[in-house]
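The values are calculated or read from the model by the stated rules, or taken from the named source; none is laboratory data. None of these values were measured; they are calculated from a predicted model. So basically every Cβ, Gly included, is an ideal-geometry build from the backbone, and we count neighbours across all protein chains shown. In case anyone asks, the SASA skips ligands and DNA or RNA and just uses the protein heavy atoms, side chains included. Shrake-Rupley method; radii C 1.70, N 1.55, O 1.52, S 1.80 Å.
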Amino acid sequence: MRLSLASLFYRSPFENLQTHADKVKECAELFKRAAICHLHEEWDEFERLTDTVARLESEADAIKRNIRNHLPKGILMQVDKFELFDYIREQDKVLDEVEEALFWLSFRPAGIREEVANDLEELVEKVLPPIEKLSDLVAMATVFFRTGEEEERTRMKSLIRDIRQHEKEADIRERELKREIFETMKDKPIHVFHLVRLVEIVGNIADHAQNASDRMRAMIAR
Amino acid sequence: MDAVILVIAALVGLYMAANIGSNDLANAMGTSVGSCAITLKEAVVISIVANALGAVLAGGYVTGTISKGIIDPSLFAHNPNILMIGMFASLLAAGIWVNIATYFALPVSTSQAIVGAVVGFGVLSVGAGEVTWSKITIIVLSWVTSPAVGGFIAGGMYYFIEKKMMSAEDPLAASQRYAPFMVFVVFLVLILSFIFKGLQNLHLNIGFLQTILLAIPLSAGAGALGLWWVRRQARPECKLRPGQEAFTPLDRLFAQLQVLTACYVAFAHGANDVANAVGPLAAIFSVVETKAVALKVSVPFWMLLGGGMAVGGGLLLFGTRVIETIGKNITELTPMRGFCAQFGAATTILVCSRMGLPISTTHVLVGSVVGVGIMRGMGTLDLRVLKNIALSWIVTLPFTVVLAMLLYKLFVFFLV
């Protein structure tokens, strides 16, 4: 026996969104470790971490599909369904780019040129905070949509500002690094191609994290 | 012989009342238990007391509509026993349907069930031409409009709270400021329905204007008392109930307001839905006592009280287990949202029962929850349930009509 009123309530997509964001956060840490392994030429460990990220990515993908497939017509939410889909797409793209960056790294197992290794590590460090913060953002959103308190919204807004700031810094770092690559490796076109592309992919990670947070900002707009 | 009939009729009435309790009242109380505003035990106590009070103090009107609005009792003047058997069949048919529906978690209206059953009996006994269809049209219309009204009031309440309190710099201070107003409104509607209906049983003739003039200071007084209590209970040092660990101070304030609306909704339920069980019973008793068909059946006080308590008892017996699950499964139901939904529902029910419309508590409640949801204040709702409601509208009437007809034929065959 169930209560008819209980069947009126539908499972909130935010539970799944949180799981997805947590996977993203987990991958961010793995990505950093994998990148460091690559720079120090620890190939076995790098392989293992890349595999783990690939596995997490496909799990996250399943969650994303689950959210999309289980919001049929007739579900009334506090946020627009398509805004939510936009958000999760961007959050998922973060993972895609992380995976892509690791694959791209693995294409040149000979290692990264000494000259840029430190700068690259620094760039990786710079793009991590925005992705890690997405998990906090989703947690705050869950609270905000439950209580509707202005205080929580203010906290979310400041977190979104933080993410934007981090992305900006990563962007600047990305540009500097590209210039440096072009200058130091004038005679090694293959290296230039590999590194520039790599830097772009790593930079995209932060871009997508920021896009996601912008979507969240739209969802909590009053 | 009379005594046997009365006992059997009373038992069937009890059966119907218990079914109403486990279906309608369980939904109404589930909202409060779901948000952890009250415990299950408190819900049961509130249900029994407030429901009985509602039935006694404000339950007269609807009973009138059911026993004489749909078919004219004077048509049975030559053979009162037919009316008695018919009402008995109706009561049983409605009880069975509500029982089945509760089992399948169909949000069915107990009021629709009884109206359908009486129609079925009426068509067989006096013919379709004698059934007051116009009255039924109004009732059916109110089934559609009452959830809408409930949704409108609940949604409006949510909008007000959202704008004035949740968006404020200091939501808690803003809520404390507006709490007196909300308590006052709850009491105003309550006291108005007390005076309009309850005092009618005492045969006081008070005009509309006097009623209003009387109600306002009374509500202000009661509101002040209620406010004192709400503030007292919402103090941070006050003991937390299970499930309230994660409550913010604002949650605690609204949890206390919700205790108030839980009483309110149980009272409204008693005023409206107890009549579904008691109305036909009153008709049967009147026939047995007077051996004639009375044009006006007044429901005795003890029957309203007993009916009200039986509905609460039904909740205790069959409803507790389902209410328990609601609390665990609906995390998005916060005290503030529960308050809005219950306030909208109870107000609508009281107004509708004042107009003599036997509406469905469950439907009004669903309407109120959706109303808050449309204002983007109720987590994630599955509106496909509304389809189930429409389905239950479509199914309830034919089912109870046919079942009442069958039972009526059966009883007539054996008894007459």
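Side notes on the structure shown:
- Within this structure, B:ILE323 fails the test of being touching a residue at least 60 places away in the same chain (Cβ under 8 Å), crowded, with 20+ Cβ neighbours inside 10 Å and touching a strand residue (DSSP E or B) at 6+ places or on another chain (Cβ under 6 Å).
- Scanning the stretch B:153-173 for residues that are at pLDDT below 90 and touching a Phe, Trp or Tyr at 6+ places or on another chain (Cβ under 7 Å) turns up B:LYS164, B:MET165.
- Extreme residue, farthest from A:VAL79 (Cα to Cα), among residues of the stretch A:134-143 that are in contact (Cβ under 8 Å) with a residue 40 or more places away in the chain and open to solvent by 20 Å² or more (accessible area, probe 1.4 Å): A:ALA139
- B:LEU281 vs. criteria at pLDDT 85 or above and over 30 Å from A:ILE67 (Cα atoms): yes
- Among the residues making up the stretch A:169-200, those that are open to solvent by less than 50 Å² (accessible area, probe 1.4 Å), hydrophobic (A, V, I, L, M, F, W, C) and either outside any helix (DSSP H, G or I) or under 20 Å from A:LYS133 (Cβ atoms) (or both) are A:ALA170, A:MET185.
- For the stretch B:1-46, taking the residues that are within 14 Å of chain A (Cβ to nearest Cβ) and among the hydroxyl-bearing types (Ser, Thr, Tyr), the one that is nearest to B:VAL98 (Cα to Cα) is identified as B:SER22.
For (1) out of contact with any Cys (no Cβ under 9 Å at 6 or more places or on another chain); (2) more than 30 Å from B:LEU381 (Cα to Cα); (3) among the aliphatic types (A, V, I, L, M), each residue gets a yes or a no:
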| residue | (1), (2), (3) |
| --- | --- |
| A:GLU125 | yes, yes, no |
| A:THR147 | yes, no, no |
| A:ILE160 | yes, no, yes |
| A:GLU169 | yes, yes, no |
| A:ILE172 | yes, yes, yes |
| A:MET185 | yes, yes, yes |
| A:VAL199 | yes, yes, yes |
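- Scanning the stretch B:349-370 for residues that are assigned to a helix (DSSP H, G or I), at pLDDT below 80 and surrounded by fewer than 24 Cβ atoms within 10 Å (Cβ to Cβ) returns a single hit, B:ARG354.
- Meets criteria (assigned to a loop (DSSP other than H, G, I, E, B), open to solvent by less than 40 Å² (accessible area, probe 1.4 Å), out of contact with any His (no Cβ under 6 Å at 6 or more places or on another chain) and at pLDDT below 75) for B:ALA246: no
- Only listed residue being touching a residue at least 24 places away in the same chain (Cβ under 8 Å), closer than 21 Å to A:PHE46 by Cα and open to solvent by 70 Å² or more (accessible area, probe 1.4 Å), chosen from A:ARG108, A:ARG164, A:ARG113: A:ARG113
Listed here are the residues, each with its yes/no results for (1) farther than 13 Å from A:SER135 by Cα; (2) surrounded by fewer than 17 Cβ atoms within 10 Å (Cβ to Cβ); (3) of a type in the set (Val, Ile, Thr); (4) within 13 Å of the chain's Cα centre (by Cα).
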{"position": "A:VAL24", "(1), (2), (3), (4)": "no, no, yes, yes"}
{"position": "A:CYS27", "(1), (2), (3), (4)": "no, no, no, yes"}
{"position": "A:ALA34", "(1), (2), (3), (4)": "yes, no, no, no"}
{"position": "A:LEU39", "(1), (2), (3), (4)": "yes, no, no, no"}
{"position": "A:TRP43", "(1), (2), (3), (4)": "yes, yes, no, no"}
{"position": "A:GLU47", "(1), (2), (3), (4)": "yes, yes, no, no"}
{"position": "A:THR50", "(1), (2), (3), (4)": "yes, no, yes, no"}
{"position": "A:ARG55", "(1), (2), (3), (4)": "yes, yes, no, no"}
{"position": "A:SER58", "(1), (2), (3), (4)": "yes, yes, no, no"}
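- Inclusion of A:ARG146 among residues that are without any contact (Cβ under 8 Å) to a residue 24 or more places away in the chain and either assigned to a helix (DSSP H, G or I) or loosely packed, with under 15 Cβ neighbours inside 10 Å (or both) is warranted.
- Which numbered condition B:GLY373 fails, given (1) crowded, with 24+ Cβ neighbours inside 10 Å; (2) at the interface with chain A (Cβ under 7 Å from one of its Cβ atoms); (3) outside any helix (DSSP H, G or I): (3)
- Residue check, A:ARG173 more than 30 Å from A:GLN78 (Cα to Cα) and not hydrophobic (A, V, I, L, M, F, W, C): yes
- Filtering the stretch B:122-152 to residues that are touching a Ser or Thr at 6+ places or on another chain (Cβ under 7 Å) and modelled with pLDDT under 90 leaves B:TRP143, B:SER146.
- Check on A:ILE75, within 14 Å of chain B (Cβ to nearest Cβ) and either among the aliphatic types (A, V, I, L, M) or in contact (Cβ under 8 Å) with a residue 40 or more places away in the chain (or both): yes
- A:GLU97 within 29 Å of A:ARG33 (Cα to Cα), open to solvent by 40 Å² or more (accessible area, probe 1.4 Å) and part of a helix (DSSP H, G or I): no
- Residue match in the stretch B:333-343 (condition: farther than 28 Å from B:ILE100 by Cα and more than 14 Å from chain A (Cβ to nearest Cβ)): yes
- Here the stretch B:376-387 is the region considered, the condition is being touching a residue at least 12 places away in the same chain (Cβ under 8 Å) and within 7 Å of chain A (Cβ to nearest Cβ), and the residue that is nearest to the chain's Cα centre (by Cα) is B:VAL385.
- B:TRP393 satisfies every condition listed in (1) within 11 Å of chain A (Cβ to nearest Cβ); (2) under 24 Å from B:ALA101 (Cα atoms); (3) open to solvent by 50 Å² or more (accessible area, probe 1.4 Å) except (1).
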